[in-house]
Amino acid sequence: MIGAVVLAAGEASRFGSPKQQLMLPDVLRAVRASSVDDIVVVEGAYELETDARTVPCDEWQRGMGASLRCGLEALAPDAEAAVVVLADGPGLAPEAVDRVLAAWRAGGEDVIAASYGGVRGHPVLLARSAWADVPDEGARALDPELIPCDDLGHPGDVDYPQDLRPRGA
């Protein structure tokens, strides 16, 4: 079983409003179109309206790692790995999730990340054996095997309203 953890706990202070709510439907659509078996959305600063299973993270202010640990703990005991995605990445391609997952299934490392133009991005796959190593900085503090996903388009990282691209752009 493969789980997906959607990190949506942040305060979105630079955006000025709960951006997670705005972008979460697109992110969930992409994750659901991939081959993951279970999805959990981690809430923190805001309660989110979604049809996905949510888990609150009371320690979300400690950093992305605290939110990630909440999500990992909420996955099923038989989850072998977790694909981690950001709620503010509305351009996520389901194929990127599946490509990272396929690399792991083919004998890849315990931490695998998609890369775009040689730069680490999302999704990030964490084998269960790596879950205990997640620091407060989150998975970005772990050294991943990079899987090129340049042909799939960058998932985005929306920090400000002007970072939002119109659909189809």
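Which of the residues spanning the stretch 107-145 are more than 15 Å from the chain's Cα centre (by Cα) and either small (G, A, S) or surrounded by 18 or more Cβ atoms within 10 Å (Cβ to Cβ) (or both)?
Across the stretch 107-145, the qualifying residues are G107, G108, Y116, G117, G118, S129, A130, A132.
Could we say that H154 is open to solvent by 20 Å² or more (accessible area, probe 1.4 Å) and outside any loop (DSSP other than H, G, I, E, B) here?
When the stated conditions are applied, H154 does not pass them.
The rows are residues; the columns are (1) in contact with a Lys or Arg (Cβ under 7 Å, 6 or more places away or on another chain); (2) open to solvent by 30 Å² or more (accessible area, probe 1.4 Å); (3) in a loop (DSSP other than H, G, I, E, B).
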residue: R29; (1), (2), (3): no, yes, no
residue: V40; (1), (2), (3): yes, no, no
residue: V55; (1), (2), (3): no, no, no
residue: Q61; (1), (2), (3): no, yes, no
residue: L72; (1), (2), (3): no, no, no
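Go through the stretch 103-137 and count every residue that is in a strand (DSSP E or B), of a type outside the set (A, V, I, L, M, F, W, C) and more than 21 Å from D78 (Cβ to Cβ).
5
Could you look through the stretch 15-27, keep only residues that are within 20 Å of G91 (Cα to Cα) and part of a loop (DSSP other than H, G, I, E, B), and pick out the one that is modelled with the lowest pLDDT?
Per the stated criteria, the residue is S17.
For G89, are the conditions met, namely being assigned to a loop (DSSP other than H, G, I, E, B), crowded, with 22+ Cβ neighbours inside 10 Å and modelled with pLDDT under 95?
In short, yes.
Examine the stretch 141-150 for a residue that is out of contact with any strand residue (DSSP E or B) (no Cβ under 8 Å at 6 or more places or on another chain) and either closer than 21 Å to A76 by Cβ or modelled with pLDDT of 95 or more (or both), and state whether such a residue exists.
Within the stretch 141-150 (the criterion being out of contact with any strand residue (DSSP E or B) (no Cβ under 8 Å at 6 or more places or on another chain) and either closer than 21 Å to A76 by Cβ or modelled with pLDDT of 95 or more (or both)), the answer is no, since none of the residues qualifies.
Quick one: is G10 crowded, with 17+ Cβ neighbours inside 10 Å and part of a loop (DSSP other than H, G, I, E, B)?
Judged against the criteria, G10 is a match.
When residues of the stretch 76-109 are filtered for being touching a residue at least 40 places away in the same chain (Cβ under 8 Å), in contact with a helix residue (DSSP H, G or I) (Cβ under 9 Å, 6 or more places away or on another chain), over 12 Å from H122 (Cβ atoms) and of a type outside the set (D, E, K, R), how many remain?
Residues in the stretch 76-109 being touching a residue at least 40 places away in the same chain (Cβ under 8 Å), in contact with a helix residue (DSSP H, G or I) (Cβ under 9 Å, 6 or more places away or on another chain), over 12 Å from H122 (Cβ atoms) and of a type outside the set (D, E, K, R): 4 in total.
Do we have any residue at all in the stretch 17-34 that's out of contact with any strand residue (DSSP E or B) (no Cβ under 9 Å at 6 or more places or on another chain) and among the hydroxyl-bearing types (S, T, Y)?
The answer is yes, given that some residue of the stretch 17-34 is out of contact with any strand residue (DSSP E or B) (no Cβ under 9 Å at 6 or more places or on another chain) and among the hydroxyl-bearing types (S, T, Y).
Out of D78, D98, I need the residue that is open to solvent by 40 Å² or more (accessible area, probe 1.4 Å), part of a helix (DSSP H, G or I) and of a type in the set (D, E, K, R). Which one?
Going through D78, D98 in turn, the sole match is D98.
The values are calculated or read from the model by the stated rules, or taken from the named source; none is laboratory data. A quick note: this is a predicted structure, and the numbers were derived from the prediction, not measured. Here Cβ is always computed from backbone atoms with ideal geometry, including for glycine, and neighbour counts include all displayed protein chains. Areas reflect the complete protein model, heavy atoms only, side chains present, ligands, DNA and RNA absent. Shrake-Rupley method; radii C 1.70, N 1.55, O 1.52, S 1.80 Å.
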